[in-house]
Amino acid sequence: MPNRSFRFRVLAVLLLAAPLLGPTGWAQRRGEQPQIDPNLLNEDGVRATKQNRYEEAVEAFRKAYLAEPNQDKLVYNYFTSLVNYSIFLAENGNASAAIEACSQAISLVPREIIVASNLAIFFNNEAVKQLEQGDFNGAIQSIENSQEVVRRFQLRQAAEVIDRTHARIYLMQGREWFKKENVKNALEAYDKCLRINPQEVEAYLDRSRIYWEQGAFKDAVTDLEEVLRIRGEGNSPNIEGLINRIKLYAQAAGQPITDQSEFFVLEMSGGDQPTESKIRRLLRDVRLRIARTFQINPQTEIHVKIDANQPLIRASEWIDRPAVDFYGESFSMGISGVDPESRDFREALTFNYVLTLLVNVGGREIPYWFAVGMAQYMISEESHLSIGDITSLLAAAENNLLLGTERLTWKNLENMNDTQTIRQANLESIGLVEHLAEILREEGLGTLLKAVRDGLDFNDALTDITNMTPEQIEEEWKNSL
């Protein structure tokens, strides 16, 4: 493997580099304190490396380097020992320490960024091996380690290969879930695959089959059309034939494709056709994910306006803004200077869509705290409250300064001008929804939304489902901080 051949090359350099300084430079006069001899330390490091005692080698070379930091060979020996140690740590499952050792090595010799690529490739190869063994969780952990190296050292060339591996893991996991007849998890895995690599044809094919079996004919056709776009028109006559069969099947089932709504209308200004196609595909995937999670779609089509000449407001920036200009019919976003397939754009699109959808379904009767908290909650599976945010909320709770659900309303936020209070309002909203999600899970949140869609008052629906009033839920959340 690449990492092992690299280590053997490094070892050869270390052995050749052993005799560095003549003994006369380190003669000790009578009565003086013993001085550190980098020659001896260097020999210790070489010996430890030959015996695969990499941590000891690092320590020996480190001391030699500190004794003579201007000796190029000592610098390089210390560097190579850190590289060896980094790979050793990676092989033994200590990813964070491996990345740290790699970082220390590159700080010594910045031009040797290739060693970081070596580490990223090692983790990538581990992920491939684990995937072949059916260890999906292990493969995901390994590829995330690889991506951490890529992010830390900005390895753009390695990123593409690693992203393809990451996407492939979710593709194979989706197929495994499908074999087990867990369609929901299979679709989620295919979604993750396509978010990482929107060119993964096999994920579109697999997902289109599920949509067809579920009677979502338009979604099945849209996925197959993506396959045609990627492969190029005329290169997949079997796919073209399948699209025609699905259209005929939908017609016979009384659900002609032309009558099926996408639930949104996209308006793009200032952008090109490829960018618009990417945004349309991403918007559709966001809509499908929310629909599958909560079994709910907009009551009326949502108009999405994207301006290529306006800057993007990232989802994280909404923490300091009152999200009050959402009325359920439309939302507007900028995309200037941002890749539509980037994480920033996807998160911002998700935030805007979910917030608009909730008001579309339940009007302004849905509380501000729930709408904004849900919009942030649905961005990703991770918590959106940092340690600092939680500390801030805890301090506010201890001093009775929390706003509470009664004051987290659309009207109050419209009249707020203080950035700090707005930020606290939004953090409270996120915290309340994350706590509510722990109580209800996705199924319960979907039941709540459907009840509101059908005309039930939000607070009444919440009490019916949880057997708790909003105030009781708020009190329980505060106690959990």
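The values are calculated or read from the model by the stated rules, or taken from the named source; none is laboratory data. It should be emphasised that the depicted structure is a prediction, and the values quoted were computed from it without experimental measurement. Backbone-built Cβ (ideal geometry, glycine too); neighbour counts: all protein chains shown.
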Quiz item: Among the listed residues 330, 316, which satisfies the condition of being over 19 Å from the mean Cα position of the chain (by Cα) and of a type outside the set (Phe, Trp, Tyr)?
Solution: 330
Exercise. Filter region 437-464 for residues that are buried (at least 22 other Cβ atoms within 10 Å of the Cβ), touching a residue at least 40 places away in the same chain (Cβ under 8 Å) and either closer than 22 Å to residue 478 by Cα or in contact with a His (Cβ under 6 Å, 6 or more places away or on another chain) (or both) and give the result.
Key: 445
Exercise. Would you point out which residue out of 95, 159 is within 20 Å of the chain's Cα centre (by Cα) and over 24 Å from residue 61 (Cα atoms)?
Key: 159
Self-check item: Selected residue [of a type in the set (A, V, I, L, M, F, W, C), modelled with pLDDT of 90 or more, over 28 Å from the mean Cα position of the chain (by Cα) and over 19 Å from residue 321 (Cα atoms)] from 395, 437
Solution: 395
Quiz item: For region 134-219, which helices (runs of 4 or more DSSP H) that fit wholly inside it have 1 or more residues that are in contact (Cβ under 8 Å) with a residue 60 or more places away in the chain?
Solution: 183-196
Self-check item: Filter result (within 21 Å of residue 448 (Cα to Cα) and either among the small types (Gly, Ala, Ser) or touching a Lys or Arg at 6+ places or on another chain (Cβ under 6 Å) (or both)) within region 360-405
Solution: 361, 362, 363, 371, 373, 375, 380, 404
Quiz item: What number of residues within region 136-174 satisfy the criterion of being buried (at least 16 other Cβ atoms within 10 Å of the Cβ) and within 21 Å of residue 206 (Cβ to Cβ)?
Solution: 15
Quiz item: How many residues does region 330-351 hold that are within 17 Å of residue 265 (Cβ to Cβ) and surrounded by fewer than 23 Cβ atoms within 10 Å (Cβ to Cβ)?
Solution: 4
Quiz item: If you go through region 414-427, how many residues are in a helix (DSSP H, G or I), touching a residue at least 24 places away in the same chain (Cβ under 8 Å) and more than 23 Å from the chain's Cα centre (by Cα)?
Solution: 6
Quiz item: Does any residue in region 235-258 that is in contact (Cβ under 8 Å) with a residue 24 or more places away in the chain come within less than 6 Å, Cβ to Cβ, of a residue that is basic (Lys, Arg) and assigned to a helix (DSSP H, G or I) six or more places away or on a different chain, and which pairs are these?
Solution: 257/218; 257/247
Quiz item: Tell me, which residue of region 369-388 that is surrounded by 12 or more Cβ atoms within 10 Å (Cβ to Cβ) and at pLDDT below 90 is farthest from residue 423 (Cα to Cα)?
Solution: 380
